[in-house]
Amino acid sequence: MSIASPLMKHEPVQAEPVEAPRKASTSSARTDLTQADEAPFVPPRWRWVRKHPTLIIGVLLLLAVAALSIAAPWIATHDPQDIDPLARMQPPSAEHWFGTDALGRDVFSRAVWGGQVSMIVGASVALLATVFGVLIGLFAGFVRWADGPVMRVMDGLMAIPGILLAIALMAVTRASLTTVIVAITVPEIPRVVRLVRSLALTLREQLYVEAAHAVGTRLPVILFRHVLPNMVAPLIVQSTFVAAAAVLTEAALSFLGVGVPAQTPSWGNMMAEGRNFVAVAFHIILYPGLLLAATVLAINLLGDGLRDALDPRLARQL
């Protein structure tokens, strides 16, 4: 009798059942692929445009107004200084697109020429206020003993309404485009100084600034190599708001009779001359007012769009 060894026993091995492929997952994958194929491809530049529509609208509107002003010598239908008593206060027509004023001058020609004054004032004030504000703000932020006296002077200037300070400066000077730019720039400088000083107080505590101090780097080099580049984005945004305020202030000064000379075509002068004829010739102040509003709106939209585009925290939320 033979004894079977346990090693000789072979039990049948049952194969594990193989699951059938899931049709649902396959169909969902096909659906995802189909949707991906059907989705339109959006170029990166258009994605950026869709994320920042405010900036694009502001740029296009500002370019349109600037193009009208720059092309004034070629698109103006009449000389802005020509007086025609027989064509006084005529409504808009084929000959006079925006009508005529109380002296028979073409409103369209004066409006496009007046845009040059507003553009020059806005750009000049923004540039001058930014340059002087950066210099004074950096001086107050990094020279500790000068912080108190400088900022008290800035607080004193900000305590006076900007329009009143500009009128006071114009009252002691001769009316011209240069004096208007200076009179508007002075009240705007403290706002830039406060921004730059607050940024400087934050940046001077950063490790890379302290490391530059530790290795003996001179202060001017630290300011222009390490500090100022980190202020570019907020300064650009601030300068746009300064430009918008400057355009409005120039129009207000001209409207009050203390701005550019009365014979110079400007939107403020045109509205000041037409305010007495609103009931019979509303077009005299309508078109300069629309151009002024469009310019200020375009600059403000540009500033808001730049803030959204240059702020990394807002950019991540878009």
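Throughout, read-outs are computed from the coordinates displayed, never taken from laboratory work. Here the structure is a predicted model, which means the values were calculated and not measured. With ideal geometry, Cβ positions are generated from the backbone for all residues, glycine too; neighbour counts draw on all protein chains shown.
Miscellaneous remarks
- Three-way shape label, segment 205-318, alpha-carbon gyration tensor, a/c 1.5: oblate
- Relative contact order, whole percent, for segment 88-213 stands at 25, derived from Cα pairs under 8 Å and 6 or more residues apart.
- Close amide-amide hydrogen proximity is noted between His78 and Ser109, each under 5 Å apart and 5 or more residues distant or on a separate chain (H modeled in the peptide plane; Pro and chain starts excluded).
- Take 209-216, 125-132 and order them by the average number of nearby Cβ atoms within 10 Å per residue, most first; the result is 125-132, 209-216.
- Taking the Cα atoms of segment 77-120, the ratio Rg/Rh between the radius of gyration and the Kirkwood radius comes to 1.00.
- Relative contact order (percent, whole number), segment 169-318, Cα cutoff 8 Å, 6+ residue spacing: 24 percent
- Under-5 Å amide H pairs with Thr100, H placed in peptide plane, nonlocal only: Met89, Gln90, Val107
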